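The values are calculated or read from the model by the stated rules, or taken from the named source; none is laboratory data. Remember, it's a predicted structure, so these values are computed and weren't measured experimentally. No Cβ is skipped: glycine too gets one built from the backbone with ideal geometry, and neighbour counts run over all protein chains shown.
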Amino acid sequence: MNGGAAARCVRLLAMLTLALDGVGIASISAAEQAMKNASPSLYAPHHESGRYFNPWAPQTSSFLDLLKWQLFSRNPYDKSAPLQVPRVANDGARLAGVEHSATVTWVGHATFAVHDEGDVFLTDPHFGARAMIPRRLVPPGIPIESVPAHAFAVVSHNHYDHLDAWSVDHLPESMPWFVPMGLGEWFRKRGRANVVELDWWQSAQHGRFTITCLPSQHWSRRVEHGTNETLWCSWLIDSGQRRYFFAGDTGYFPGFAEFGQRFGPIDVAMLPIGAYEPRWFMQSQHMDPAEAYQAFLDLRAHSMLAMHWGTFDLTDEPADLPPRVLAEAVRAKGGDASRTVVLAIGEQWHVPKRPAEIR
Ligand code: ZN
Ligand code: ZN
């Protein structure tokens, strides 16, 4: 068996473990159909018979599609070239201090450390060596020990590249966790009692921060939880001075325009650009770079920070391809490349002053 075939088998094993009774969210055509007049369904009930669902995207089983992808579809990409993922040295020591305004540091994948004045929060903290089976390609941008005890964290869903048990166990025990419905028990069982479970559109207050759980178009499963037994979400974190949007994992859906209308303008939108091929299978659950750029425009955000690339090899496209595709998408739309930011792992980025047009 050559390296590519071996990698494919390992990945199939991982996917099967994740998807024993089916992954399943909307087929592409159903999702497109549902896109019309979808806004009311963003607020519709989304829990039935112990499982969550995306009300605007009718559920269809795609387990056979998963097998079709893994067993019968040929990956058109050549993944033999060494990956080009920039990384800069960062000991994380600055997180212990106070920022004059705000910075965001990319730890890798969907993990950012946001440092807003004297406060720190993490998104989907993953400092571990593996996302279940896929191994980490680039070490985390800062050491886990540099996360201060007063930090808090938001978690988007239970997939292994977003919820990492090793990281939860090694982050400060007192850390408050904000999680979507159904995940609280998982944290309490690990001795992490400071956990707040929220449903879509619910908010919690934490110091000067208003933390709001918002819909995303995705699904959930891990060994401890059956398919869609726990919710998935995006987060709006408002410090009073600055509004941050963290998308988690999501397909492109009408929620972005709704969030932009309701909560915009947004200072920083952290949006996934990777793990999108093949489109016929991935489109309903992961955006491609052009969709992520459109989501950024829908959100009326000032800056976009690209994430969910370069850290784990999860899908057909090479893990370092998405930033180049994003640059092309921004150029094709005549966009302002300086507002779509692709950080190096470990890079600390200063949140720009909010311009007059988005006050
Ligand atoms: Zn996911
Ligand atoms: Zn993911």
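Confirm whether ASP65 is in a loop (DSSP other than H, G, I, E, B) and either outside the structural domain of TYR252 (by TED's automatic domain parsing) or loosely packed, with under 14 Cβ neighbours inside 10 Å (or both). Before the answer, list the steps.
Numbers: in a loop (DSSP other than H, G, I, E, B): no; either outside the structural domain of TYR252 (by TED's automatic domain parsing) or loosely packed, with under 14 Cβ neighbours inside 10 Å (or both): yes.
No: the conditions fail for ASP65.
Count, please, the residues in region 323-351 that happen to be in contact with a strand residue (DSSP E or B) (Cβ under 7 Å, 6 or more places away or on another chain) and not hydrophobic (A, V, I, L, M, F, W, C). Break it down into steps so the answer makes sense when it comes.
Narrowing region 323-351 to residues in contact with a strand residue (DSSP E or B) (Cβ under 7 Å, 6 or more places away or on another chain): 323, 326, 330, 339-351.
Of the ones still in play, those that are also not hydrophobic (A, V, I, L, M, F, W, C) are 323, 339-340, 346-348, 350.
Of the residues in that region, 7 qualify.
Please count how many residues of region 73-120 are among the aromatic types (Phe, Trp, Tyr) and either within 16 Å of ligand 1 (Cβ to nearest atom) or under 20 Å from MET270 (Cα atoms) (or both). I'd like the intermediate steps shown before the answer.
Within region 73-120, the subset among the aromatic types (Phe, Trp, Tyr) is 77, 106, 112.
Now narrow it down to the ones that are either within 16 Å of ligand 1 (Cβ to nearest atom) or under 20 Å from MET270 (Cα atoms) (or both): 106, 112.
The total comes to 2.
Could you say which residue among THR105, THR111 is touching a Pro at 6+ places or on another chain (Cβ under 6 Å), hydroxyl-bearing (Ser, Thr, Tyr), under 19 Å from ILE142 (Cβ atoms) and surrounded by 13 or more Cβ atoms within 10 Å (Cβ to Cβ)?
Details: THR105 fails: touching a Pro at 6+ places or on another chain (Cβ under 6 Å).
THR111 is the lone residue from the list that is touching a Pro at 6+ places or on another chain (Cβ under 6 Å), hydroxyl-bearing (Ser, Thr, Tyr), under 19 Å from ILE142 (Cβ atoms) and surrounded by 13 or more Cβ atoms within 10 Å (Cβ to Cβ).
I'm checking my understanding of the structure. Among residues of region 182-216 that are within 16 Å of ligand 1 (Cβ to nearest atom) and in a loop (DSSP other than H, G, I, E, B), which one is nearest to ALA96 (Cα to Cα)?
LEU183
Show the residue pairs that are 6+ apart or on different chains and have beta-carbon atoms under 9 Å apart, the first residue being within region 71-84 and touching a residue at least 60 places away in the same chain (Cβ under 8 Å) and closer than 14 Å to TRP280 by Cα, the second being assigned to a helix (DSSP H, G or I) and not small (Gly, Ala, Ser).
SER73/TRP280; SER73/PHE281; ASN75/ARG8
What residue, among those in region 164-185 that are in contact with a Leu (Cβ under 9 Å, 6 or more places away or on another chain) and without any contact (Cβ under 8 Å) to a residue 40 or more places away in the chain, is surrounded by the fewest Cβ atoms within 10 Å (Cβ to Cβ)?
Selected residue: MET175.
So which of LEU231, LEU183, LEU171, LEU163 ends up being within 29 Å of ASP267 (Cβ to Cβ), within 16 Å of ligand 2 (Cβ to nearest atom) and out of contact with any Ser or Thr (no Cβ under 8 Å at 6 or more places or on another chain)? First the steps, then the outcome.
On the way: LEU231 fails: out of contact with any Ser or Thr (no Cβ under 8 Å at 6 or more places or on another chain); LEU183 fails: out of contact with any Ser or Thr (no Cβ under 8 Å at 6 or more places or on another chain); LEU171 fails: within 16 Å of ligand 2 (Cβ to nearest atom).
Unique residue meeting the criteria: LEU163.
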